[in-house]
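So the structure is just underneath, and the comments pick up after that.
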Amino acid sequence: MSFALRLSLAPSRAVAVVASLLLVVACSSSDGSDTGASSGQTQATACEKDTRKDVYTAGIAKETSVGERLTVKIVESTPSPPKKGTNTMTLEIADGAGKLLDGATVSVVPYMPDHAHGSAVTPVVTPMGAGRYDVTKIYYPMPGLWKVTVTVQMTGAAPQEVAFNFCFDG
């Protein structure tokens with residue numbers, strides 16, 4: 001009976017060993033996202049290599065492409081640059097002549113294109129005057145590339161949008 005018991009345990013131990021080896025192989029980094037500490041060289045992270053991202057700097061701005069051109073500028077972001085977790089930002093919106101616009105309806109939608117999902121938290125936009133809009137509760141639940149779409153609608157005009165693409169690791 002003892003012999004039969006050992007035979008029945010041997011396959012389960014083999015399965016455990018194989019599963020452990022597969023886990024080690026699956027979790028090892030072959031995409032260059034490790035730090036290369038053993039070789040003394042630092043390799044680029046996934047976000048450093050992502051060519052779709054915008055490099056955040058205070059004052060980054062984009063222009064809408066439909067109708068009357070509007071410029072949406074991120075005056076500041078907290079944290080700076082944006083990162084995983086809860087963020088806030090201040091937007092400044094101007095028309096094509098550079099006149100700051102008050103009274104716009106502004107929405108901000110974070111979306112992770114590689115995973116086809118947004119955030120469970122809806123950002124809150126508060127008009128501050130002088131063309132500025134504070135945005136709170138911008139929540140990025142995970143690292144990776146996030147497309148942040150800002151939609152601006154002035155009374156009687158079609159909505160216009162710009163998208164900022166931010167990427168952050170771990």
Among the strands (runs of 3 or more DSSP E) lying completely within segment 67-113, list those that include at least 1 residues that are of a type in the set (D, E) and surrounded by 17 or more Cβ atoms within 10 Å (Cβ to Cβ).
85-95
Cβ pairs under 6 Å, 6+ apart, first in segment 111-130 and among the charged types (D, E, K, R), second loosely packed, with under 12 Cβ neighbours inside 10 Å
none
Is it the case, given these coordinates, that S107 is out of contact with any Cys (no Cβ under 6 Å at 6 or more places or on another chain) and at pLDDT below 95?
no
Scope segment 131-164; condition modelled with pLDDT of 95 or more and among the hydrophobic types (A, V, I, L, M, F, W, C); matching residues
V135, I138, M142, L145, W146, V148, V150, V152, V162, A163, F164
Tell me whether segment 146-167 contains one or more residues that are under 17 Å from the mean Cα position of the chain (by Cα), not acidic (D, E) and not in a strand (DSSP E or B).
no
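The values are calculated or read from the model by the stated rules, or taken from the named source; none is laboratory data. Note that this is a predicted model, so its numbers are computed, not measured. Cβ coordinates were reconstructed from backbone atoms using ideal geometry, including for glycine residues, and neighbour counts include every protein chain displayed.
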